[in-house]
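Notes for the one structure printed next.
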Amino acid sequence: MTQELILGLDIGTSSVRAALCDLNGNMVPKTLVKNERTLTSTDDGGAEIDAEVALRQIVRAIDDVLAISSGVEGEITHVAMCAFWHSLVGVDAKGRPTTKVFGWADTRSREQTDVLRRKVDEAETHNRTGARFHSSFWPAKLLWLKNDSPEVFARTSRWLSLSDFVASRLFGTLVTSTSMASATGLFDIRECVWDPALMKFLKIRLSSLPELANGDNESFRLVGKYAKRWQRLANAEWFPAIGDGAANNIGAGCVRKSKAALMIGTSGAMRVAYRGTPPEKIPSGLWCYRVDRKRVIMGGALSDGGGLYRWLKENLKLTGSDDRIEAEIAKRDPAAHGLTVLPFFAGERSTGYNEGATGAILGTRSSTDSIDIVQAALESVAYRFAEIFDQLNSTCPLKEIIASGGALRASPVWTQMIADVIGQNMSLPESREASMRGAVLLALESTGRIKKIEDVPTPSGKKFSAQRSRKAVYSAARKRHQEAYKLLIDRE
């Protein structure tokens, strides 16, 4: 009997990854492809990539995985995808890009956030769409484009996520998943429709948005051009991409209210996913999207994570290995440096969504050294996670936290630090590519290969036990952090 395989595809901001997986969601050895790429940063706050370039990168990743797995026997029956949330790209009536692909970190629409807050009830909209007004979401970006690039706006026929644009080329259809639509800030997460009130305010027609997939099981096949290029995929069923955050939770085994996923890559996030409906009142500092029509996902996101750690190492001219830095921080007492860092070097999303937030390092003395600054910055990110944790825990009492992401895997000291600050035990599974694994597992559930993703065992991993003595020290430092935040960031 021919072995069935699934191709997993993870479309991230910093890389495109692909691999073959079996019907248990496990990656087939030596089939992983990881092609690095970056979004271009502009002086005015842009974070963008050319849509055609992005498509070629994805096509190349598929070319590469098929090439290195040519000796793997079996039929690839399905393709499961996840992609980064919040991207926006315009296309004309012929499907040609009219704009760059704008990523979540693109802040050029930040002035429109104030316009939205003056003219639309943010609290009501947040509870309906699950999204605060912020430059990372579509409403602010669409207002910005309409005002600053009216000619481009006028000739744009459809507004899409990057994954929708990719689907339009590979399948010839303009259909998006509930998961991807739910993170645009333009979607009613309770009714699972594009939000009529915001569309009316923005003067956006329903025909300007991608169609919503007809249920969670709808799949597509390649158009002739790509079916000929990838003959091994010619008969495969392709599922629309789901959001990378939703996929990460599934891959980490966090699909119940009592279990949170905490991820730090370039940025960071803490999320709870569960089968059911959004809470009656979404906490003000959190977002709430959809995994699919049966499940929601709620949490908070930080713009500064591993990217901040990397920036500090580069700009402080730290020499030597990461292990040396880790060892030096581990020798020092928690928060003994006397510094307070506001980790908003890439702006703030959760929990305050202040567009004008910037980074700060307070309390430096002549005795302060570079390791003090790095340690204080890592602790400050932990304090921001604690703010998210408190709001999540008020709605979904948490018993377990599963960590993931390259930044934490490379820094056990940081992982322990977060556990101590929050006061919760954490585990860091050995398995990698959690987002790809999650997309594959959801596809397996959709096809009936597995009954429920909730029944899939959580990968085992290294345990980090919260140390109460350190939590007391961190609580005092966190209070100083909160006072500095109110003074410099949240001045209302």
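Quick note: the coordinates plus some simple rules give every number you see, no bench work behind them. Since the structure is predicted, the reported quantities are computational estimates derived from the model, not experimental observations. Here the Cβ positions follow ideal geometry from the backbone for every residue, glycine too, while neighbour counts run over all protein chains shown.
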Legend entry - Principal-axis tilt of helix 110-119 within the chain, Cα atoms, nearest 10 degrees: 90 degrees
Legend entry - Burial ordering of VAL16, VAL72, fewest other beta-carbon atoms within 10 Å first: VAL72, VAL16
Inset, instruction - Return the loop-located GluC sites (Glu not before Pro) in region 372-444 (DSSP other than H, G, I, E, B) with at most 14 other Cβ atoms within 10 Å of their own Cβ; answer none if there are none. - result: GLU430
Inset, instruction - Holding the Cα-Cα limit at 29 Å, pick out from LYS259/LYS317; LYS399/LYS452; LYS294/LYS399 the pairs that are longer than that. - result: LYS259/LYS317
Inset, instruction - For each of CYS192, CYS82, CYS396, CYS288, count neighbouring Cβ atoms within 10 Å of the residue's Cβ, then give the residues from fewest to most. - result: CYS192, CYS396, CYS288, CYS82
Inset, instruction - Calculate how steeply helix 138-148 sits against the longest principal axis of the alpha-carbon atoms of the chain, using the helix alpha-carbon long axis, and give the answer as 0 to 90 degrees to the nearest 10. - result: 80 degrees
Inset, instruction - Could you grab the relative contact order for region 350-467? Cα pairs under 8 Å, six or more apart, rounded to a whole percent. - result: 26 percent
Inset, instruction - Excluding residues fewer than 8 places away in the same chain, name every one of the lysines whose C-alpha is closer than 16 Å to that of LYS471. - result: LYS479
Inset, instruction - Rank by packing, highest mean first: peptides 100-110, 152-162, 258-268, with packing defined as the count of other Cβ atoms within 10 Å averaged across residues. - result: 258-268, 100-110, 152-162
Legend entry - Packing-based order for 470-480, 83-93, using average beta carbon neighbours within 10 Å, highest first: 83-93, 470-480
Legend entry - Summed residue charge, Cβ within 12 Å of ALA439's Cβ, Lys/Arg positive, Asp/Glu negative: -3
Inset, instruction - Distance from a point 7 Å along Cα→Cβ of GLU4 to each backbone N in region 431-457: keep the residues under 11 Å and list them by number. - result: 444-450
Legend entry - Net charge of neighbours whose Cβ lies under 13 Å from the Cβ of ILE453, counting Lys and Arg as +1 and Asp and Glu as -1: +4
Inset, instruction - Can you tell me the 0 to 90 degree angle between the C-alpha axis of helix 370-395 and the longest principal axis of the chain, rounded to 10? - result: 60 degrees
Inset, instruction - May I ask you to sort THR395, THR277, THR2 by Cβ crowding, counting other Cβ atoms within 10 Å and putting the fewest first? - result: THR2, THR277, THR395
Legend entry - Whole-angstrom gap from region 198-241 to region 118-156, using each part's C-alpha centre: 24 Å
